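Below is one structure, written out as structure tokens; the observations come after it.
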Amino acid sequence: MRLLLLLLLLCLGLTLVSARKSKNPVVTSNFDLSRITGNWYSILLASDQKDKIVENGSMRVFVKTMDVWQNGTLYLVYHAKENGVCVEIPMVCDKTENNGEFSLDYDGYNLFHIVETDYINYLMFHLFNSNNGKTFQTMELYGRKPNASSKLKARFVEICGKNGIGAENVLDLTLTDRCLQARESSSALTSSA
């Protein structure tokens, strides 16, 4: 009887460990890009040049959707505020030879890559911009829901710090107007990227 009880406890323990490991594992390489397709929300935005991400900054955009085409091209739809009005900005990003890395011409040349994701809840991007001999970097935290846990936000701030972006340059976009009404309506104006 005692042996049976020990075996049951061992099975329960192994089941719990197995369930914990398989719950939304964090992916940092070999990305399955088809799994990032869908709706996303901008949660946190960071840059080593804060003027690029504050209101009216060229990189202050709010993600709406992502779609990965069969050829690996990443199609993004963002919203941005122009003269107080939310406008839709579609962007076509070319894949590079590196998995999870893309390039884009927008306010200069941009090369960005996925830092990590669990596909279900969040996605982090790291972008490097070069324009007329000047460079800066941004990092973005996107969520499948309009907000994220404080634990995930803290993790993002920590990763930003490791990449030279201080916590004072991380903006919590959940506290601002992210054009959520425009993303839900079909009346949003469209601007070309």
> Can you tell me which residues in region 39-54 are in contact (Cβ under 8 Å) with a residue 40 or more places away in the chain, under 20 Å from ASN83 (Cα atoms) and either loosely packed, with under 14 Cβ neighbours inside 10 Å or of a type in the set (A, V, I, L, M, F, W, C) (or both)?
Replying inline: ILE53, VAL54
> If a residue has to be touching a strand residue (DSSP E or B) at 6+ places or on another chain (Cβ under 8 Å), at pLDDT 95 or above, within 26 Å of TYR106 (Cα to Cα) and in a loop (DSSP other than H, G, I, E, B) to count, how many in region 14-56 make the cut?
Replying inline: 8
>> Every residue in region 57-73 that is in a loop (DSSP other than H, G, I, E, B) and surrounded by 13 or more Cβ atoms within 10 Å (Cβ to Cβ), please.
In response: GLY57, SER58, MET59, ARG60, VAL61, GLY72, THR73
> Is it the case that some residue within region 82-91 is surrounded by 17 or more Cβ atoms within 10 Å (Cβ to Cβ), closer than 14 Å to SER29 by Cα and in contact (Cβ under 8 Å) with a residue 12 or more places away in the chain?
Replying inline: no
> Do we find a residue being acidic (Asp, Glu), closer than 24 Å to LYS153 by Cα and part of a loop (DSSP other than H, G, I, E, B) anywhere in region 85-98?
Replying inline: no
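Just name the residue that is nearest to LYS81 (Cα to Cα) out of those in region 143-152 that are buried (at least 17 other Cβ atoms within 10 Å of the Cβ) and touching a Ser or Thr at 6+ places or on another chain (Cβ under 9 Å). Give the steps one after another, and end with the answer.
Within region 143-152, the subset buried (at least 17 other Cβ atoms within 10 Å of the Cβ) is 143, 148, 152.
Now drop any that are not touching a Ser or Thr at 6+ places or on another chain (Cβ under 9 Å), which leaves 143, 148.
Details: GLY143: 20, ALA148: 23 Å.
Per the stated criteria, the residue is GLY143.
Only one residue in HIS113, HIS79 is within 18 Å of SER42 (Cα to Cα), in contact with a helix residue (DSSP H, G or I) (Cβ under 9 Å, 6 or more places away or on another chain) and of a type outside the set (A, V, I, L, M, F, W, C). Which one? Spell out how you get there, then give the answer.
Details: HIS113 fails: in contact with a helix residue (DSSP H, G or I) (Cβ under 9 Å, 6 or more places away or on another chain).
Going through HIS113, HIS79 in turn, the sole match is HIS79.
For region 110-152, what are the residues that are among the β-branched types (Val, Ile, Thr) and either in a strand (DSSP E or B) or in contact with a Phe, Trp or Tyr (Cβ under 9 Å, 6 or more places away or on another chain) (or both)?
Kept after step one, since they are among the β-branched types (Val, Ile, Thr), are these residues of region 110-152: 114-115, 117, 120, 135, 138.
Within region 110-152, ILE114, VAL115, THR117, THR135, THR138 meet the criteria.
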>> I'm told MET66 meets every condition in (1) touching an Asp or Glu at 6+ places or on another chain (Cβ under 8 Å); (2) more than 21 Å from GLU158 (Cβ to Cβ) except one. Can you identify the failing condition by its number?
In response: (1)
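The values are calculated or read from the model by the stated rules, or taken from the named source; none is laboratory data. Keep in mind the model is a prediction, meaning the values are calculated, not measured. No Cβ is skipped: glycine too gets one built from the backbone with ideal geometry, and neighbour counts run over all protein chains shown.
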